[in-house]
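Peer 1: The structure that follows is given in the form of structure tokens.
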Amino acid sequence: MATQPQHQIRLLFGPFEVDRQTGELFKGGIRIRLPGQAYQILIALVESPGELVTREQLRDQIWKDGRNVGFEHSLNVAVNRLRRALSDSAEEPRYVETVSGKGYRFIGTVERSAPEVEATPVTETSFIREAGRPSSRKWWIASGAVVLSLAVITVGFLRQIRKPPFGERGTLVLAGFRNTTGDPVFDATLQQGLIVQLQQSPFLSLVAENRIQQTLRLMGQPASDTLTADLAREVCERTGSSALIEGSIARLGSRYVLGLTAKNCAGDSLYAQQIQAAQKENVLDAVSQMARNFRQRAGESPALIRQHDTPLAEATTPSLDALKAYSTARKLAYSDSFSSAVPQLQRAIELDSRFAMAHAFLGRIYADIGDSVLSMESTRRAYELRDRASEQERFFISFSYDRQITGNLENAQRTLELWEQTYPHEAAPHSLMSGFTSQGTGQYEKTIAEAQKTIELDPDAGPAYLNLAFGYTLLGRFQSAEAALERARERKLEIPDSLILSFYLAFHKNDRERMSQIAARMKGKPEEDWMLQSEALVAAHAGRLRQARLLSRQAAELARRSGHSERAAIYVAGSAAWEALLGNVAEARKNAAEALNLSNARDVEYGSAFALSLTHDDRRAQALANDLAKRFPQDTLVKFTYLPLLKAIASLHHLQPAESASVLQTTLPFEFATPGTNFFGFFGGLYPAYVRGQDYLLLGKGDEAAGEFQKIIDHPGVVYADLIGALAYLEIGRAFALSGNGARAKSAYQEFLFLWRDADPDISVYKQAKVEYSRLPQAVAAQACTRAATCSVNEKE
């Protein structure tokens, strides 16, 4: 046999493939961009796996022009790029190991193979033997393995290429499994199993569950209905899909016969296969084999299938009963509410405590309903079991671990980016990226772009419209935010979160009638507590403190009665923050203590610590800061916002405003980011700028102070209805007065007093503001005199 030319060899390691002929790197069949020098380093390493490749060898092979100036830096940059492409790290390498002071070694297992030859058109036909007819060949073994007695009827041919089948935007609708066995354990269970198996393919694209449920609603069908063949055909047409898949299971003596057919939306057959399982315990293996067969006949390359093919029992659970509970939970989540899915997920975990995705999905639900502590427990268990999941699910679990537990939003973003690269037609990573992963780092343009990409892939992804609206709101583009919410309403995708955001948009327009209408719609709904707290924030923003306190207490009590203690805690922590900002020490400390009794969640501790710190309770504030640092050492918000802000306030109390301002430099990269306290609480945005403004006031730097408070005024979408949005006008008035700018000081005071025109008259901040305003001409003149060298002694006095 002739030796394969070196440049035509394919090098395989892990999920990666190097095509020497084209000079490209692929992961799971998806091309990964890798600059020239990084690619050449990869080739040098994988050609000699396990061997040391010195820095000098790399220099001589790759930097051949003899220019050594800057070589060390260029090499380090190229190696770092290579590691990023391979999702590798220098600390815990899987592929590229650094040999200190010498060079690098490739420590992965490398396989070599020739390029695959493009398949030729085939048509295979085989049929199940009739029941009772003797068979000359047996395809099963005594242990009861899956019987693969029937294979495939294929109509047409799909070439093996690196793009999705059924057209560039082609998608598949998966109908329910027709169960004629009489055993209800298979109801919806096998459909969910087939979804998991087919979603492992980067080559295929399934219509998302939420989109199917929404399409059924638009058809006038209950979203909880089983997707029969007739319904599936209509869904196929309405979603513009390319084909629909139907599954079936029946009894054949002691065995089970599973069938899979693919049809176009008109019902014309494209593909069919049948498989037998020797016994009930082998049914999940049979589903895995059917999915594998379908992927191969659809045109997916064998190499790609091998790289993304975790058997169903390993990707989910070997328990049919647990899988049935999980599939029921998913249907309830998308047809009813997330909360309604919790009992079924708990049931799935009782049946199989090692069911990774049941833990992960439960963790996601707890996060969405505001129970972050329970979310962390479930998500941590899912992460421990992540090897018992498919690759797509492992991406989700790893993302959730950083989003919910470590709080490392940079790591979470890297996971989503790799997920997007590996599964380019999957909407989920884009949807998750458009949420807190981008908002919590202040990347609001990215929020918008990722939400738009999600909608492009799945027009019925309700959360994407909400995230799109949040992105526009946070950038102050309120009309665009309203348009995004209107698009969701037109598609009947409005959710309670959308109404809450509409309430704040109406607040920014000072549309009180619209605010009242929205609040009325939320009465009696499960999210009524959230609406009450939003009304409380609006009241506090206008200085109506008695009303704000009443509404906040109602919100917290309603949340407590509904079993949402953490939501109640964040409401009470928010009220503690506004009391502290107004100088109401006793009330702020009382509320902070109450919030901490309800929950020790990250954002509850931070909100309470902020209130305690403002009231000079440095001991308790520092204890909370220490706890945050200990429990969340990697957390982006804790490291770059929460802890620096608490330390800065402590410095301010010790009359060290310069040190306080210096500490707050740490917060600048995330100055406009959304804090975690915004979830249900809607407070905390731009607090570092507010405290930095106080620093500059104490330092006598009026212009610098005005610049900080102006940030708050200029970014109402980040502040929502937080009290600092009103107080910023008072503080900027003080800053202008300090700078001797009487006209602008007067205007700012007038704006504040107008906002507080209905304020409770006994609030000390309000009374002080009126006194300062009445003395403003005299104060500005005195300040101007102090700054001038021509004042007489009497004038200065």
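Peer 1: Pick out, from segment 392-459, the helices (runs of 4 or more DSSP H) lying fully within it that include 2 or more residues that are of a type in the set (A, V, I, L, M, F, W, C) and farther than 20 Å from residue 87 by Cβ.
Peer 2: Helices (runs of 4 or more DSSP H) meeting the threshold: 444-457.
Peer 1: Quick check: anything in segment 758-765 in a helix (DSSP H, G or I) and out of contact with any Asp or Glu (no Cβ under 6 Å at 6 or more places or on another chain)?
Peer 2: Looking for residues that are in a helix (DSSP H, G or I) and out of contact with any Asp or Glu (no Cβ under 6 Å at 6 or more places or on another chain), one finds at least one in segment 758-765, hence yes.
Peer 1: Does residue 389 qualify as being open to solvent by less than 10 Å² (accessible area, probe 1.4 Å), in a loop (DSSP other than H, G, I, E, B), over 22 Å from residue 527 (Cβ atoms) and small (Gly, Ala, Ser)?
Peer 2: yes
Peer 1: Tell me whether segment 700-708 contains one or more residues that are open to solvent by less than 40 Å² (accessible area, probe 1.4 Å), on the phi > 0 side of the Ramachandran plot and not in a helix (DSSP H, G or I).
Peer 2: No, there is no match, as no residue in segment 700-708 is open to solvent by less than 40 Å² (accessible area, probe 1.4 Å), on the phi > 0 side of the Ramachandran plot and not in a helix (DSSP H, G or I).
Peer 1: Checking residue 518 against (1) surrounded by 20 or more Cβ atoms within 10 Å (Cβ to Cβ); (2) touching a residue at least 24 places away in the same chain (Cβ under 8 Å), which test does it fail?
Peer 2: Going through the list (1) surrounded by 20 or more Cβ atoms within 10 Å (Cβ to Cβ); (2) touching a residue at least 24 places away in the same chain (Cβ under 8 Å), residue 518 breaks only (2).
Peer 1: Kindly indicate whether any position in segment 734-743 is open to solvent by 10 Å² or more (accessible area, probe 1.4 Å), in a helix (DSSP H, G or I) and closer than 29 Å to residue 479 by Cβ.
Peer 2: Taking every residue of segment 734-743 in turn, none turns out to be open to solvent by 10 Å² or more (accessible area, probe 1.4 Å), in a helix (DSSP H, G or I) and closer than 29 Å to residue 479 by Cβ.
Peer 1: Among residues belonging to segment 90-109 that are among the polar types (S, T, N, Q) and loosely packed, with under 12 Cβ neighbours inside 10 Å, point out the one that is nearest to the chain's Cα centre (by Cα).
Peer 2: 109
Peer 1: For segment 335-386, how many residues are within 29 Å of residue 305 (Cα to Cα) and outside any helix (DSSP H, G or I)?
Peer 2: Residues meeting the conditions: 6.
Peer 1: Going by what's in this entry, would residue 616 be described as open to solvent by 10 Å² or more (accessible area, probe 1.4 Å), touching a residue at least 24 places away in the same chain (Cβ under 8 Å) and either aliphatic (A, V, I, L, M) or closer than 22 Å to residue 765 by Cβ (or both)?
Peer 2: For residue 616, the condition - open to solvent by 10 Å² or more (accessible area, probe 1.4 Å), touching a residue at least 24 places away in the same chain (Cβ under 8 Å) and either aliphatic (A, V, I, L, M) or closer than 22 Å to residue 765 by Cβ (or both) - is met.
Peer 1: Looking only at segment 238-287, how many residues end up being open to solvent by 10 Å² or more (accessible area, probe 1.4 Å), within 15 Å of residue 298 (Cβ to Cβ) and small (Gly, Ala, Ser)?
Peer 2: Qualifying residue count, segment 238-287: 4.
Peer 1: Right, something else. Where the second residue is buried (at least 21 other Cβ atoms within 10 Å of the Cβ) and of a type outside the set (D, E, K, R) and the first is on the phi > 0 side of the Ramachandran plot and lies in segment 458-477, which pairs have Cβ atoms under 6 Å and are six or more apart or on separate chains?
Peer 2: 476/717
Peer 1: Which members of segment 295-304 meet the condition of being assigned to a helix (DSSP H, G or I) and open to solvent by 10 Å² or more (accessible area, probe 1.4 Å)?
Peer 2: Answer for segment 295-304, where residues must be assigned to a helix (DSSP H, G or I) and open to solvent by 10 Å² or more (accessible area, probe 1.4 Å): 296, 297, 302, 304.
Peer 1: Additional query: Of (1) within 23 Å of residue 602 (Cβ to Cβ); (2) open to solvent by 10 Å² or more (accessible area, probe 1.4 Å); (3) among the hydrophobic types (A, V, I, L, M, F, W, C); (4) free of Cβ contacts under 8 Å to residues at least 60 places away in the same chain, residue 576 satisfies all except one. Which?
Peer 2: (2)
Peer 1: What's the number of the condition residue 53 fails, among (1) under 30 Å from residue 395 (Cα atoms); (2) buried (at least 18 other Cβ atoms within 10 Å of the Cβ); (3) at pLDDT 75 or above?
Peer 2: Of (1) under 30 Å from residue 395 (Cα atoms); (2) buried (at least 18 other Cβ atoms within 10 Å of the Cβ); (3) at pLDDT 75 or above, only one is false for residue 53: (1).
The values are calculated or read from the model by the stated rules, or taken from the named source; none is laboratory data. Values in this document were obtained by computation on a predicted structure and should not be read as measured data. Positions of Cβ are backbone-derived with ideal geometry, glycine not excepted, and every protein chain shown enters the neighbour counts. Each accessible area value is taken on the protein alone, full model and side chains, heavy atoms only, with ligands, DNA and RNA left out. Shrake-Rupley method; radii C 1.70, N 1.55, O 1.52, S 1.80 Å.
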